[in-house]
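Engineer: Encoded as C-alpha coordinates, here's the structure I'll be asking about.
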Amino acid sequence: MLPFYHPTSILVLDDDPLFLESLDFQFSDELSCQTFTRPDAALEHLRSQESQHPDFGHYFRDCSDMDLGSDVRHGDRLLRLQLSELRSMVDDQARQQRISLAVVDFDMPKMTGVEFCRAIKDLPVKTVLLTGKAGLETAISAFNEGVIDCFLQKQDSNVSVSLRKEIKRLQEAYFSDLSDPIRCALALQQSCFISDPSFIKLFKEVCQTNNVVEHYVCASPPGVMMRDVDGNEFFLLISDVATVKDRCEAAETQKAPPDMLQLLRTGKAQAWFPTTEGFYHPDFAADWARYIWPAQLLPGSGAWSYSFIRHECLVDTSLQSQRA
(Lines give C-alpha, C1' and ligand atoms only; values in the text may rest on other atoms or scores of the structure.)
Protein backbone atom coordinates (compact mmCIF):
# COMPACT_ATOMS: atom_id res chain seq x y z
CA MET A 1 0.00 0.00 0.00
CA LEU A 2 1.22 3.50 -0.84
CA PRO A 3 1.63 5.77 2.22
CA PHE A 4 0.04 8.57 0.20
CA TYR A 5 -1.55 9.21 -3.18
CA HIS A 6 -3.36 12.11 -4.83
CA PRO A 7 -4.41 13.02 -8.39
CA THR A 8 -1.65 14.54 -10.51
CA SER A 9 -1.33 15.85 -14.07
CA ILE A 10 0.27 14.33 -17.13
CA LEU A 11 2.29 16.28 -19.67
CA VAL A 12 1.79 15.38 -23.34
CA LEU A 13 4.38 16.55 -25.85
CA ASP A 14 3.73 16.20 -29.59
CA ASP A 15 4.37 18.57 -32.48
CA ASP A 16 0.99 17.58 -33.98
CA PRO A 17 -1.76 19.83 -32.49
CA LEU A 18 -4.51 17.55 -33.83
CA PHE A 19 -3.10 14.57 -31.95
CA LEU A 20 -2.96 16.62 -28.76
CA GLU A 21 -6.58 17.69 -29.17
CA SER A 22 -7.64 14.10 -29.76
CA LEU A 23 -5.74 12.83 -26.71
CA ASP A 24 -7.01 15.63 -24.50
CA PHE A 25 -10.58 14.86 -25.62
CA GLN A 26 -10.18 11.17 -24.77
CA PHE A 27 -8.66 11.68 -21.32
CA SER A 28 -9.99 15.04 -20.09
CA ASP A 29 -12.82 13.45 -18.06
CA GLU A 30 -10.43 11.29 -16.05
CA LEU A 31 -7.06 13.04 -16.18
CA SER A 32 -5.59 16.50 -16.03
CA CYS A 33 -3.60 16.87 -19.27
CA GLN A 34 -1.14 19.67 -19.96
CA THR A 35 -0.24 19.67 -23.66
CA PHE A 36 2.81 21.11 -25.44
CA THR A 37 3.94 21.23 -29.07
CA ARG A 38 7.43 22.58 -28.32
CA PRO A 39 10.01 20.53 -26.38
CA ASP A 40 11.73 23.63 -24.96
CA ALA A 41 8.45 24.92 -23.48
CA ALA A 42 7.64 21.49 -22.02
CA LEU A 43 11.13 21.20 -20.57
CA GLU A 44 10.90 24.66 -19.02
CA HIS A 45 7.56 23.76 -17.43
CA LEU A 46 8.92 20.53 -15.91
CA ARG A 47 11.97 22.33 -14.58
CA SER A 48 9.76 24.97 -12.96
CA GLN A 49 8.18 22.18 -10.88
CA GLU A 50 11.47 20.50 -10.00
CA SER A 51 11.52 21.72 -6.40
CA GLN A 52 7.82 20.95 -5.86
CA HIS A 53 8.09 17.15 -5.91
CA PRO A 54 7.88 15.82 -2.34
CA ASP A 55 11.22 15.33 -0.64
CA PHE A 56 10.82 13.16 2.42
CA GLY A 57 14.31 13.80 3.72
CA HIS A 58 12.94 16.49 6.04
CA TYR A 59 10.40 14.00 7.45
CA PHE A 60 13.26 12.34 9.32
CA ARG A 61 14.71 14.02 12.38
CA ASP A 62 18.17 13.18 13.73
CA CYS A 63 17.76 12.00 17.33
CA SER A 64 21.30 10.71 17.76
CA ASP A 65 21.72 12.82 20.90
CA MET A 66 19.30 10.53 22.79
CA ASP A 67 20.97 8.24 25.30
CA LEU A 68 20.36 4.64 24.22
CA GLY A 69 23.14 3.12 26.25
CA SER A 70 25.29 0.34 24.88
CA ASP A 71 22.97 -0.35 21.92
CA VAL A 72 24.48 2.57 20.00
CA ARG A 73 28.00 2.44 18.62
CA HIS A 74 30.17 5.37 17.58
CA GLY A 75 28.98 6.77 14.27
CA ASP A 76 25.46 5.32 14.49
CA ARG A 77 22.55 7.63 13.72
CA LEU A 78 19.06 7.47 15.21
CA LEU A 79 16.37 8.90 12.94
CA ARG A 80 12.75 9.59 13.88
CA LEU A 81 10.05 9.54 11.22
CA GLN A 82 7.74 12.54 11.63
CA LEU A 83 4.79 10.86 9.94
CA SER A 84 2.36 13.50 11.21
CA GLU A 85 3.69 15.90 8.55
CA LEU A 86 2.44 13.69 5.72
CA ARG A 87 -1.18 14.71 6.34
CA SER A 88 -0.24 18.36 5.73
CA MET A 89 0.27 17.60 2.03
CA VAL A 90 -3.47 17.90 1.53
CA ASP A 91 -3.10 21.65 2.12
CA ASP A 92 -0.84 21.96 -0.94
CA GLN A 93 -3.21 23.58 -3.44
CA ALA A 94 -0.86 22.90 -6.38
CA ARG A 95 -0.46 19.17 -5.77
CA GLN A 96 -2.96 18.08 -8.44
CA GLN A 97 -1.29 20.21 -11.13
CA ARG A 98 2.11 18.64 -10.51
CA ILE A 99 3.38 16.52 -13.39
CA SER A 100 3.95 12.87 -12.49
CA LEU A 101 4.16 11.50 -16.03
CA ALA A 102 5.27 12.77 -19.45
CA VAL A 103 3.89 11.23 -22.65
CA VAL A 104 6.32 12.15 -25.42
CA ASP A 105 6.23 11.67 -29.19
CA PHE A 106 9.39 10.12 -30.63
CA ASP A 107 9.56 11.95 -33.97
CA MET A 108 9.82 15.70 -33.38
CA PRO A 109 11.97 18.40 -35.02
CA LYS A 110 14.90 19.95 -33.12
CA MET A 111 14.68 17.36 -30.29
CA THR A 112 13.64 13.72 -30.49
CA GLY A 113 11.46 12.15 -27.83
CA VAL A 114 14.39 10.13 -26.51
CA GLU A 115 16.55 13.25 -26.24
CA PHE A 116 13.75 14.98 -24.33
CA CYS A 117 13.37 12.04 -21.91
CA ARG A 118 17.13 11.96 -21.39
CA ALA A 119 17.03 15.68 -20.51
CA ILE A 120 14.56 15.02 -17.65
CA LYS A 121 16.05 11.74 -16.44
CA ASP A 122 17.07 13.35 -13.15
CA LEU A 123 13.45 14.24 -12.35
CA PRO A 124 11.08 11.78 -10.61
CA VAL A 125 8.65 12.19 -13.55
CA LYS A 126 7.83 8.92 -15.32
CA THR A 127 7.97 8.77 -19.13
CA VAL A 128 6.04 7.08 -21.93
CA LEU A 129 7.47 7.30 -25.46
CA LEU A 130 5.08 7.12 -28.41
CA THR A 131 6.96 5.77 -31.38
CA GLY A 132 6.41 4.63 -34.95
CA LYS A 133 7.99 1.60 -36.56
CA ALA A 134 11.00 3.66 -37.63
CA GLY A 135 11.93 4.48 -34.04
CA LEU A 136 11.14 1.13 -32.46
CA GLU A 137 14.74 -0.06 -32.11
CA THR A 138 15.78 3.28 -30.61
CA ALA A 139 12.88 3.09 -28.14
CA ILE A 140 13.88 -0.42 -27.07
CA SER A 141 17.46 0.74 -26.53
CA ALA A 142 16.26 3.78 -24.52
CA PHE A 143 14.05 1.53 -22.37
CA ASN A 144 16.91 -0.87 -21.66
CA GLU A 145 19.10 2.10 -20.79
CA GLY A 146 16.52 3.36 -18.30
CA VAL A 147 15.89 6.62 -20.15
CA ILE A 148 12.17 5.86 -20.59
CA ASP A 149 9.76 3.82 -18.47
CA CYS A 150 7.54 2.58 -21.28
CA PHE A 151 7.11 2.83 -25.05
CA LEU A 152 4.00 2.32 -27.17
CA GLN A 153 3.59 2.24 -30.93
CA LYS A 154 1.56 5.23 -31.99
CA GLN A 155 -0.09 3.53 -34.96
CA ASP A 156 -1.40 0.64 -32.83
CA SER A 157 -5.21 0.54 -32.99
CA ASN A 158 -5.34 -0.13 -29.23
CA VAL A 159 -2.85 2.57 -28.26
CA SER A 160 -5.45 4.55 -26.26
CA VAL A 161 -6.34 1.51 -24.15
CA SER A 162 -2.68 0.66 -23.59
CA LEU A 163 -1.82 4.26 -22.78
CA ARG A 164 -4.61 4.53 -20.21
CA LYS A 165 -3.32 1.37 -18.51
CA GLU A 166 0.30 2.56 -18.50
CA ILE A 167 -0.62 6.00 -17.17
CA LYS A 168 -2.31 4.42 -14.15
CA ARG A 169 0.61 2.05 -13.55
CA LEU A 170 3.30 4.70 -13.87
CA GLN A 171 1.49 7.29 -11.75
CA GLU A 172 1.40 4.71 -8.96
CA ALA A 173 5.09 4.00 -9.59
CA TYR A 174 5.79 7.73 -9.25
CA PHE A 175 4.27 7.75 -5.75
CA SER A 176 5.88 4.44 -4.86
CA ASP A 177 9.35 5.80 -5.61
CA LEU A 178 8.74 9.06 -3.73
CA SER A 179 7.33 7.40 -0.63
CA ASP A 180 9.79 4.50 -0.48
CA PRO A 181 11.73 6.01 2.49
CA ILE A 182 8.50 6.28 4.50
CA ARG A 183 7.33 2.79 3.58
CA CYS A 184 10.70 1.29 4.56
CA ALA A 185 10.68 3.15 7.88
CA LEU A 186 7.15 1.99 8.70
CA ALA A 187 8.09 -1.60 7.85
CA LEU A 188 10.61 -1.53 10.71
CA GLN A 189 7.83 -1.11 13.26
CA GLN A 190 6.84 -4.13 15.29
CA SER A 191 3.38 -3.93 13.76
CA CYS A 192 2.39 -1.90 10.72
CA PHE A 193 -1.09 -2.03 9.22
CA ILE A 194 -0.11 -0.75 5.75
CA SER A 195 1.83 -3.96 5.12
CA ASP A 196 -0.92 -6.25 6.43
CA PRO A 197 -2.59 -8.09 3.49
CA SER A 198 -5.97 -8.07 5.25
CA PHE A 199 -5.82 -4.31 5.74
CA ILE A 200 -4.72 -3.73 2.15
CA LYS A 201 -7.73 -5.74 0.95
CA LEU A 202 -10.05 -3.73 3.21
CA PHE A 203 -8.53 -0.45 2.08
CA LYS A 204 -9.03 -1.28 -1.60
CA GLU A 205 -12.67 -2.19 -0.95
CA VAL A 206 -13.27 1.07 0.91
CA CYS A 207 -11.65 3.08 -1.90
CA GLN A 208 -13.69 1.37 -4.59
CA THR A 209 -16.99 1.66 -2.73
CA ASN A 210 -16.51 5.35 -1.94
CA ASN A 211 -14.75 6.52 -5.14
CA VAL A 212 -11.65 7.49 -3.14
CA VAL A 213 -9.00 9.22 -5.27
CA GLU A 214 -6.67 10.56 -2.58
CA HIS A 215 -5.29 9.20 0.69
CA TYR A 216 -2.67 9.86 3.37
CA VAL A 217 -1.46 7.55 6.13
CA CYS A 218 -1.75 9.28 9.51
CA ALA A 219 -0.02 8.72 12.84
CA SER A 220 -2.27 10.67 15.20
CA PRO A 221 -4.92 9.38 15.08
CA PRO A 222 -3.61 6.19 13.48
CA GLY A 223 -5.20 5.32 10.17
CA VAL A 224 -5.78 6.72 6.71
CA MET A 225 -7.36 10.01 5.72
CA MET A 226 -9.19 9.79 2.35
CA ARG A 227 -11.01 12.04 -0.13
CA ASP A 228 -13.41 11.09 -2.91
CA VAL A 229 -13.81 12.69 -6.36
CA ASP A 230 -16.11 15.36 -4.89
CA GLY A 231 -13.72 16.34 -2.11
CA ASN A 232 -15.66 14.60 0.69
CA GLU A 233 -13.41 13.34 3.48
CA PHE A 234 -13.38 9.97 5.20
CA PHE A 235 -11.15 8.44 7.83
CA LEU A 236 -10.24 4.83 8.44
CA LEU A 237 -9.26 4.67 12.10
CA ILE A 238 -7.23 1.56 12.83
CA SER A 239 -5.62 0.31 16.04
CA ASP A 240 -3.95 -2.93 17.06
CA VAL A 241 -5.99 -4.92 19.57
CA ALA A 242 -3.44 -4.36 22.36
CA THR A 243 -3.78 -0.59 22.00
CA VAL A 244 -7.58 -0.85 22.01
CA LYS A 245 -7.33 -2.75 25.29
CA ASP A 246 -4.94 -0.14 26.72
CA ARG A 247 -7.34 2.67 25.84
CA CYS A 248 -10.19 0.84 27.53
CA GLU A 249 -8.15 0.24 30.69
CA ALA A 250 -7.03 3.89 30.73
CA ALA A 251 -10.66 4.99 30.48
CA GLU A 252 -11.57 2.74 33.39
CA THR A 253 -8.72 4.18 35.45
CA GLN A 254 -9.92 7.70 34.66
CA LYS A 255 -13.49 6.73 35.66
CA ALA A 256 -14.99 7.40 32.23
CA PRO A 257 -18.81 7.51 31.87
CA PRO A 258 -20.45 4.05 32.25
CA ASP A 259 -22.07 4.15 28.79
CA MET A 260 -18.71 4.76 27.19
CA LEU A 261 -17.00 1.99 29.15
CA GLN A 262 -19.73 -0.45 28.22
CA LEU A 263 -19.15 0.24 24.52
CA LEU A 264 -15.38 -0.12 24.78
CA ARG A 265 -15.57 -3.37 26.77
CA THR A 266 -17.65 -5.06 24.07
CA GLY A 267 -14.95 -4.38 21.46
CA LYS A 268 -17.64 -3.08 19.13
CA ALA A 269 -16.40 0.49 19.48
CA GLN A 270 -13.06 2.25 19.73
CA ALA A 271 -12.17 5.72 20.92
CA TRP A 272 -9.55 8.30 20.12
CA PHE A 273 -9.33 11.47 22.18
CA PRO A 274 -7.27 14.57 21.33
CA THR A 275 -4.62 13.68 23.89
CA THR A 276 -1.01 12.57 23.44
CA GLU A 277 -1.81 8.88 22.90
CA GLY A 278 -5.54 9.19 22.26
CA PHE A 279 -6.45 8.08 25.81
CA TYR A 280 -9.55 9.31 27.62
CA HIS A 281 -9.28 12.28 29.97
CA PRO A 282 -12.01 13.58 32.34
CA ASP A 283 -11.99 16.89 30.43
CA PHE A 284 -13.99 15.08 27.72
CA ALA A 285 -16.62 13.56 30.01
CA ALA A 286 -19.40 15.83 28.75
CA ASP A 287 -18.87 15.19 25.04
CA TRP A 288 -17.17 11.79 24.99
CA ALA A 289 -19.48 10.52 22.22
CA ARG A 290 -17.71 12.80 19.74
CA TYR A 291 -14.58 10.66 20.05
CA ILE A 292 -15.89 7.11 19.86
CA TRP A 293 -17.02 5.11 16.82
CA PRO A 294 -18.43 1.68 15.99
CA ALA A 295 -15.56 -0.73 15.30
CA GLN A 296 -14.99 -4.11 13.70
CA LEU A 297 -12.21 -6.64 13.93
CA LEU A 298 -10.27 -6.81 10.67
CA PRO A 299 -11.23 -10.10 8.94
CA GLY A 300 -8.46 -12.58 8.30
CA SER A 301 -6.05 -10.84 10.63
CA GLY A 302 -7.44 -10.55 14.13
CA ALA A 303 -4.70 -8.07 14.93
CA TRP A 304 -6.50 -4.85 14.09
CA SER A 305 -9.69 -3.05 14.99
CA TYR A 306 -11.01 -0.49 12.52
CA SER A 307 -13.71 2.18 12.19
CA PHE A 308 -14.81 3.81 8.95
CA ILE A 309 -15.72 7.42 9.71
CA ARG A 310 -17.66 9.67 7.35
CA HIS A 311 -17.01 13.28 8.26
CA GLU A 312 -20.60 14.25 7.48
CA CYS A 313 -22.01 11.69 9.94
CA LEU A 314 -22.88 12.68 13.49
CA VAL A 315 -21.00 10.45 15.89
CA ASP A 316 -23.82 10.48 18.41
CA THR A 317 -26.26 9.17 15.78
CA SER A 318 -23.92 6.39 14.64
CA LEU A 319 -23.65 5.13 18.19
CA GLN A 320 -27.37 4.68 18.80
CA SER A 321 -27.43 1.17 17.35
CA GLN A 322 -24.38 0.21 19.39
CA ARG A 323 -25.96 1.41 22.62
CA ALA A 324 -29.11 -0.53 21.83
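Engineer: Arranged from highest to lowest average of other beta-carbon atoms within 10 Å per residue, in what order do the peptides 192-203, 87-98 appear?
Structural biologist: Descending mean neighbour count gives 192-203, 87-98.
Engineer: Now for a different question. Using modelled backbone amide H atoms (1.01 Å from N, in-plane), which distant-in-sequence or interchain residues come within less than 5 Å of S32's amide H?
Structural biologist: Residues meeting the criterion, in which the H sits 1.01 Å from N, are I10.
Engineer: What lysines does K255 reach when the alpha-carbon gap must be under 24 Å and sequence neighbours fewer than 8 apart in one chain are set aside?
Structural biologist: K245, K268
Engineer: Can you list residues from other chains, or at least 5 along the same chain, whose modelled amide H is less than 5 Å from the amide H of G223?
Structural biologist: C218, I238
Engineer: For a protection proxy built on the mean count of beta-carbon atoms within 10 angstrom, sort 159-170, 44-55 highest first, please.
Structural biologist: 159-170, 44-55
Engineer: Below 12 angstrom from the Cβ of P124, what's the summed charge of the other residues (Lys, Arg +1; Asp, Glu -1)?
Structural biologist: Summing Lys/Arg as +1 and Asp/Glu as -1 gives -3.
Engineer: Moving on. Taking the 0 to 90 degree range and rounding to the nearest ten, how far is the long axis of helix 241-253 tilted relative to the main principal axis of the chain, both from C-alpha atoms?
Structural biologist: The two axes meet at around 40 degrees.
Engineer: Still on this structure: Using a 1.4 angstrom probe on heavy atoms only, work out the carbon and sulfur share of the accessible area of region 230-271 in %.
Structural biologist: 47 percent
Engineer: Taking only Cα atoms, what is the 0 to 90° angle, nearest 10, from helix 136-145's long axis to the longest principal axis of the chain?
Structural biologist: Result, in degrees: 40.
Engineer: Enter the angle in degrees (range 0 to 90, nearest 10) between the Cα long axis of helix 39-48 and the first principal axis of the Cα atoms of the chain, meaning the one along which they spread out most.
Structural biologist: The helix 39-48 is inclined about 20 degrees to the chain.
Engineer: How high is the FRET efficiency between D55 and L136 when r is their beta carbon distance and R₀ equals 25 Å, given to the nearest 0.05?
Structural biologist: 0.10
The values are calculated or read from the model by the stated rules, or taken from the named source; none is laboratory data. Keep in mind the model is a prediction, meaning the values are calculated, not measured. A quick note on method: Cβ atoms are made from the backbone with ideal geometry, for glycine too, and the neighbour counts reach across all protein chains shown. The protein model used for the area step is the full one, side chains on, heavy atoms only, and it has no ligands, DNA or RNA in it. Shrake-Rupley method; radii C 1.70, N 1.55, O 1.52, S 1.80 Å.
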